[in-house]
């Protein structure tokens, strides 16, 4: 499994790439392997401010449907529309083409509460 060290992680298996006051968010390699083949994403919160730990969308896999939880409070500025036609990018490139949303971060103090790659590895037993 892949755990890029430049990213931050959550206990709910999202990854976060912080770029100034913007964050790019997706689900981890571990999460996509647990879910199985991703077939559909529903993210209808673009333009909304979503609080940390609130649901910002859902991901549907062959096995199940799972909620996507916001790792940081912020306004969703963009969803990865390419995933509408190519949800398999989440499985094949979770940390690249498989990103889900971009947000403007409302509270940068929350970044410190995210997990490092090493802490996330321990959480998932890798």
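When you scan region 79-91, do you find a residue that is buried (at least 16 other Cβ atoms within 10 Å of the Cβ) and assigned to a strand (DSSP E or B), even just one? Within region 79-91 (the criterion being buried (at least 16 other Cβ atoms within 10 Å of the Cβ) and assigned to a strand (DSSP E or B)), the answer is yes, since at least one residue qualifies. Taking (1) modelled with pLDDT of 95 or more; (2) within 19 Å of residue 80 (Cα to Cα); (3) touching a helix residue (DSSP H, G or I) at 6+ places or on another chain (Cβ under 8 Å); (4) not in a strand (DSSP E or B) in turn, residue 52 satisfies each apart from (2).
The values are calculated or read from the model by the stated rules, or taken from the named source; none is laboratory data. Quick caveat: nothing in here was measured; it's all calculated off a predicted structure. Virtual Cβ from ideal backbone geometry, glycine too; neighbours counted across all protein chains shown.
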